[in-house]
Amino acid sequence: MKYQNLAGKILLVSLIAVCLNCSEKSSDDDETFATFTVNSNETHIEFFLKDDEANYLKSIENLKTYVEKNGKHVRFAMNGGMYQEDNKPLGLYIHNQKTITPLNTREAKGNFYLKPNGIFYITTDRRVFISRTENFTNDGQIQFATQSGPMLLIDGEINSQFTQDSDNVHIRNGVCVLEDNRVIFAISKKRVNFYEFAEHFKNLNCKNALYLDGFVSRMYLPEQKIEPLDGNFGVIIGITE
(Lines give C-alpha, C1' and ligand atoms only; values in the text may rest on other atoms or scores of the structure.)
Protein backbone atom coordinates (compact mmCIF):
# COMPACT_ATOMS: atom_id res chain seq x y z
CA MET A 1 0.00 0.00 0.00
CA LYS A 2 2.91 2.37 0.85
CA TYR A 3 4.46 1.80 -2.58
CA GLN A 4 1.10 2.31 -4.30
CA ASN A 5 0.66 5.62 -2.49
CA LEU A 6 4.20 6.66 -3.44
CA ALA A 7 3.60 5.73 -7.06
CA GLY A 8 0.36 7.71 -7.03
CA LYS A 9 2.13 10.77 -5.66
CA ILE A 10 4.85 10.52 -8.30
CA LEU A 11 2.21 10.24 -11.02
CA LEU A 12 0.33 13.25 -9.60
CA VAL A 13 3.51 15.37 -9.51
CA SER A 14 4.29 14.34 -13.09
CA LEU A 15 0.82 15.33 -14.27
CA ILE A 16 1.07 18.70 -12.52
CA ALA A 17 4.43 19.33 -14.19
CA VAL A 18 2.95 18.51 -17.57
CA CYS A 19 0.03 20.90 -16.98
CA LEU A 20 2.37 23.68 -15.86
CA ASN A 21 4.47 23.24 -18.97
CA CYS A 22 1.34 23.35 -21.10
CA SER A 23 0.23 26.67 -19.61
CA GLU A 24 3.55 28.45 -20.01
CA LYS A 25 4.14 30.86 -22.86
CA SER A 26 6.13 29.01 -25.48
CA SER A 27 9.67 30.09 -26.28
CA ASP A 28 8.43 30.80 -29.79
CA ASP A 29 6.59 33.84 -28.40
CA ASP A 30 9.90 35.45 -27.44
CA GLU A 31 11.21 34.80 -30.93
CA THR A 32 8.06 36.00 -32.66
CA PHE A 33 6.81 38.93 -30.56
CA ALA A 34 8.17 41.83 -28.56
CA THR A 35 5.82 42.72 -25.71
CA PHE A 36 5.75 45.64 -23.29
CA THR A 37 3.39 45.83 -20.29
CA VAL A 38 2.78 49.03 -18.33
CA ASN A 39 0.42 50.00 -15.51
CA SER A 40 -1.38 53.19 -16.47
CA ASN A 41 -2.07 53.95 -12.80
CA GLU A 42 1.65 54.42 -12.29
CA THR A 43 2.85 55.49 -15.74
CA HIS A 44 1.55 58.32 -17.90
CA ILE A 45 0.76 57.09 -21.41
CA GLU A 46 0.47 59.89 -23.97
CA PHE A 47 -0.53 60.20 -27.62
CA PHE A 48 1.43 62.40 -30.01
CA LEU A 49 0.59 63.67 -33.48
CA LYS A 50 2.14 67.12 -34.14
CA ASP A 51 4.89 69.32 -32.74
CA ASP A 52 4.43 72.84 -31.39
CA GLU A 53 4.54 74.26 -34.93
CA ALA A 54 1.71 71.94 -36.02
CA ASN A 55 4.01 69.73 -38.11
CA TYR A 56 3.25 66.03 -38.07
CA LEU A 57 5.91 64.21 -36.07
CA LYS A 58 5.74 61.12 -38.32
CA SER A 59 8.80 59.27 -37.00
CA ILE A 60 10.23 58.10 -33.69
CA GLU A 61 13.32 60.19 -34.35
CA ASN A 62 11.20 63.34 -34.67
CA LEU A 63 9.31 62.39 -31.51
CA LYS A 64 12.60 62.02 -29.63
CA THR A 65 13.80 65.42 -30.85
CA TYR A 66 10.51 67.02 -29.84
CA VAL A 67 10.46 65.44 -26.39
CA GLU A 68 14.12 66.09 -25.64
CA LYS A 69 13.65 69.81 -26.29
CA ASN A 70 11.46 69.76 -23.18
CA GLY A 71 14.09 68.02 -21.08
CA LYS A 72 12.59 64.53 -21.23
CA HIS A 73 13.45 61.29 -22.97
CA VAL A 74 11.34 58.64 -24.69
CA ARG A 75 11.08 55.40 -22.76
CA PHE A 76 8.63 53.76 -25.17
CA ALA A 77 6.98 54.61 -28.49
CA MET A 78 4.78 52.83 -31.01
CA ASN A 79 2.68 53.90 -33.97
CA GLY A 80 -0.89 54.19 -32.78
CA GLY A 81 -3.43 53.56 -35.49
CA MET A 82 -4.07 53.86 -39.19
CA TYR A 83 -3.73 57.14 -41.05
CA GLN A 84 -4.20 58.76 -44.43
CA GLU A 85 -1.54 59.75 -46.97
CA ASP A 86 -1.15 63.15 -45.31
CA ASN A 87 -0.60 61.46 -41.90
CA LYS A 88 -4.02 62.54 -40.67
CA PRO A 89 -5.67 59.80 -38.55
CA LEU A 90 -8.10 57.68 -40.56
CA GLY A 91 -10.51 57.38 -37.65
CA LEU A 92 -11.30 59.02 -34.35
CA TYR A 93 -8.47 60.86 -32.67
CA ILE A 94 -8.88 62.69 -29.36
CA HIS A 95 -5.97 64.69 -27.97
CA ASN A 96 -6.19 66.29 -24.52
CA GLN A 97 -9.99 65.94 -24.56
CA LYS A 98 -10.28 67.67 -27.96
CA THR A 99 -11.61 65.71 -30.95
CA ILE A 100 -9.10 66.19 -33.78
CA THR A 101 -10.70 63.76 -36.25
CA PRO A 102 -14.22 62.36 -35.87
CA LEU A 103 -15.38 58.78 -35.47
CA ASN A 104 -15.19 56.85 -38.75
CA THR A 105 -18.15 54.51 -39.25
CA ARG A 106 -17.99 54.23 -43.04
CA GLU A 107 -18.19 50.93 -44.90
CA ALA A 108 -15.12 50.34 -47.07
CA LYS A 109 -12.35 47.86 -47.87
CA GLY A 110 -9.12 47.45 -45.94
CA ASN A 111 -8.01 46.32 -42.51
CA PHE A 112 -9.37 49.40 -40.76
CA TYR A 113 -12.88 48.54 -41.93
CA LEU A 114 -12.85 44.86 -40.98
CA LYS A 115 -15.60 44.40 -38.41
CA PRO A 116 -15.58 45.08 -35.65
CA ASN A 117 -13.03 47.84 -35.48
CA GLY A 118 -12.41 49.64 -32.24
CA ILE A 119 -10.99 52.43 -30.12
CA PHE A 120 -8.17 52.45 -27.59
CA TYR A 121 -8.67 55.31 -25.16
CA ILE A 122 -7.44 56.77 -21.89
CA THR A 123 -9.58 58.84 -19.54
CA THR A 124 -8.51 61.94 -17.62
CA ASP A 125 -8.07 59.79 -14.50
CA ARG A 126 -5.78 57.37 -16.43
CA ARG A 127 -8.22 54.49 -16.82
CA VAL A 128 -7.67 52.59 -20.06
CA PHE A 129 -10.19 50.89 -22.32
CA ILE A 130 -10.65 49.20 -25.66
CA SER A 131 -14.16 49.56 -27.04
CA ARG A 132 -15.88 48.34 -30.17
CA THR A 133 -16.61 51.39 -32.32
CA GLU A 134 -20.38 50.89 -32.13
CA ASN A 135 -20.23 50.84 -28.31
CA PHE A 136 -18.06 53.93 -27.91
CA THR A 137 -19.35 57.10 -26.28
CA ASN A 138 -17.43 60.26 -25.43
CA ASP A 139 -18.44 61.57 -22.02
CA GLY A 140 -16.01 64.49 -22.21
CA GLN A 141 -13.55 62.80 -19.86
CA ILE A 142 -11.41 61.12 -22.51
CA GLN A 143 -7.84 62.38 -22.56
CA PHE A 144 -6.65 60.41 -25.58
CA ALA A 145 -8.32 58.10 -28.10
CA THR A 146 -7.30 56.43 -31.34
CA GLN A 147 -9.48 54.36 -33.66
CA SER A 148 -8.15 51.45 -35.68
CA GLY A 149 -9.14 48.00 -36.79
CA PRO A 150 -9.88 45.25 -36.77
CA MET A 151 -10.43 44.14 -33.20
CA LEU A 152 -8.21 41.11 -32.61
CA LEU A 153 -10.02 39.80 -29.53
CA ILE A 154 -13.62 40.45 -28.56
CA ASP A 155 -14.59 39.41 -25.02
CA GLY A 156 -11.76 36.91 -24.93
CA GLU A 157 -12.49 35.33 -28.31
CA ILE A 158 -10.45 35.62 -31.48
CA ASN A 159 -12.20 37.63 -34.19
CA SER A 160 -14.27 35.13 -36.17
CA GLN A 161 -13.10 36.64 -39.47
CA PHE A 162 -9.57 35.32 -38.91
CA THR A 163 -8.38 31.90 -40.08
CA GLN A 164 -5.43 29.98 -38.70
CA ASP A 165 -3.96 29.09 -42.09
CA SER A 166 -4.27 32.55 -43.67
CA ASP A 167 -1.32 33.53 -45.85
CA ASN A 168 -2.01 37.24 -45.24
CA VAL A 169 1.17 37.78 -43.21
CA HIS A 170 2.85 41.04 -42.20
CA ILE A 171 4.70 42.66 -39.34
CA ARG A 172 1.86 43.74 -37.04
CA ASN A 173 1.41 45.77 -33.86
CA GLY A 174 -1.46 46.08 -31.43
CA VAL A 175 -2.64 46.75 -27.91
CA CYS A 176 -4.77 45.16 -25.22
CA VAL A 177 -6.00 46.24 -21.78
CA LEU A 178 -6.10 43.99 -18.72
CA GLU A 179 -8.69 44.34 -15.96
CA ASP A 180 -6.21 45.84 -13.48
CA ASN A 181 -5.52 48.83 -15.75
CA ARG A 182 -2.37 47.36 -17.25
CA VAL A 183 -1.78 47.88 -20.95
CA ILE A 184 0.03 45.39 -23.15
CA PHE A 185 1.65 46.63 -26.35
CA ALA A 186 3.02 44.05 -28.78
CA ILE A 187 4.70 43.91 -32.18
CA SER A 188 5.65 40.87 -34.20
CA LYS A 189 9.33 40.37 -34.94
CA LYS A 190 8.45 38.48 -38.09
CA ARG A 191 5.47 38.32 -40.40
CA VAL A 192 2.35 36.76 -38.88
CA ASN A 193 -1.30 36.53 -39.84
CA PHE A 194 -4.17 38.06 -37.89
CA TYR A 195 -5.05 34.80 -36.16
CA GLU A 196 -1.51 34.27 -34.88
CA PHE A 197 -1.35 37.84 -33.62
CA ALA A 198 -4.73 37.59 -31.88
CA GLU A 199 -3.71 34.28 -30.33
CA HIS A 200 -0.63 35.94 -28.82
CA PHE A 201 -2.83 38.43 -26.97
CA LYS A 202 -5.21 35.66 -25.89
CA ASN A 203 -2.27 33.76 -24.39
CA LEU A 204 -1.54 36.88 -22.32
CA ASN A 205 -5.07 36.69 -20.83
CA CYS A 206 -6.35 39.70 -22.76
CA LYS A 207 -10.11 40.06 -23.22
CA ASN A 208 -10.15 42.79 -25.86
CA ALA A 209 -7.27 43.60 -28.18
CA LEU A 210 -7.01 46.06 -31.04
CA TYR A 211 -4.87 45.88 -34.17
CA LEU A 212 -3.01 49.14 -34.77
CA ASP A 213 -1.19 48.67 -38.09
CA GLY A 214 0.89 46.44 -40.35
CA PHE A 215 4.18 46.50 -42.21
CA VAL A 216 4.85 50.16 -41.30
CA SER A 217 4.80 49.32 -37.60
CA ARG A 218 7.62 50.12 -35.21
CA MET A 219 8.23 49.73 -31.49
CA TYR A 220 10.87 51.80 -29.69
CA LEU A 221 11.85 50.20 -26.39
CA PRO A 222 15.51 50.76 -25.41
CA GLU A 223 15.22 48.59 -22.28
CA GLN A 224 14.72 45.61 -24.61
CA LYS A 225 17.34 46.95 -27.04
CA ILE A 226 14.67 47.74 -29.63
CA GLU A 227 15.61 51.17 -31.00
CA PRO A 228 14.37 51.96 -34.52
CA LEU A 229 14.16 55.69 -35.21
CA ASP A 230 12.45 55.69 -38.60
CA GLY A 231 8.78 55.64 -39.47
CA ASN A 232 6.10 57.58 -41.27
CA PHE A 233 3.10 57.51 -38.95
CA GLY A 234 0.06 59.37 -37.87
CA VAL A 235 -0.60 58.97 -34.15
CA ILE A 236 2.30 57.83 -31.97
CA ILE A 237 1.68 56.33 -28.53
CA GLY A 238 4.51 57.17 -26.14
CA ILE A 239 5.82 57.15 -22.61
CA THR A 240 8.25 59.92 -21.67
CA GLU A 241 10.23 60.51 -18.50
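Results, tabulated for the structure shown:
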read-out	value
The lone exception for residue 146 - which of (1) in a loop (DSSP other than H, G, I, E, B); (2) among the hydroxyl-bearing types (Ser, Thr, Tyr); (3) closer than 26 Å to residue 75 by Cα; (4) touching a Phe, Trp or Tyr at 6+ places or on another chain (Cβ under 7 Å) it fails	(1)
Options 197, 185: the member that is of a type in the set (A, V, I, L, M, F, W, C), over 19 Å from residue 76 (Cβ atoms) and within 13 Å of the chain's Cα centre (by Cα)	197
Selection from the range 36-61 of residues that are of a type in the set (S, T, N, Q) and assigned to a loop (DSSP other than H, G, I, E, B)	40, 41, 43, 55, 59
Selection from the range 62-89 of residues that are closer than 16 Å to residue 174 by Cβ and either in a loop (DSSP other than H, G, I, E, B) or without any contact (Cβ under 8 Å) to a residue 40 or more places away in the chain (or both)	80, 81, 82
Residues located in the range 151-175, provided they are outside any strand (DSSP E or B) and in contact with a Gly (Cβ under 8 Å, 6 or more places away or on another chain)	171, 172
Tally of residues being in a loop (DSSP other than H, G, I, E, B) and more than 23 Å from residue 142 (Cα to Cα) across the range 103-118	6
Evaluation of residue 215 against (1) within 14 Å of the chain's Cα centre (by Cα); (2) modelled with pLDDT under 95 (one fails), failing number	(1)
Residue within the range 120-128 that is in contact with a strand residue (DSSP E or B) (Cβ under 9 Å, 6 or more places away or on another chain), under 26 Å from residue 229 (Cα atoms), surrounded by 23 or more Cβ atoms within 10 Å (Cβ to Cβ) and of a type in the set (A, V, I, L, M, F, W, C) present	yes
Residues located in the range 45-61, provided they are without any contact (Cβ under 8 Å) to a residue 40 or more places away in the chain and closer than 27 Å to residue 127 by Cα	50, 51, 52
Complete set of residues in the range 176-233 that are assigned to a loop (DSSP other than H, G, I, E, B), surrounded by fewer than 19 Cβ atoms within 10 Å (Cβ to Cβ) and among the charged types (D, E, K, R)	179, 180, 189, 190, 191, 207, 225, 227, 230
Subset tally (residues that are without any contact (Cβ under 8 Å) to a residue 60 or more places away in the chain, closer than 18 Å to residue 183 by Cβ and not in a strand (DSSP E or B)) for the range 119-138	3
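The values are calculated or read from the model by the stated rules, or taken from the named source; none is laboratory data. Please read these numbers as outputs of a predicted model, since none were measured by experiment. Cβ atoms come from the backbone with ideal geometry, glycine included; neighbour counts cover every protein chain shown.
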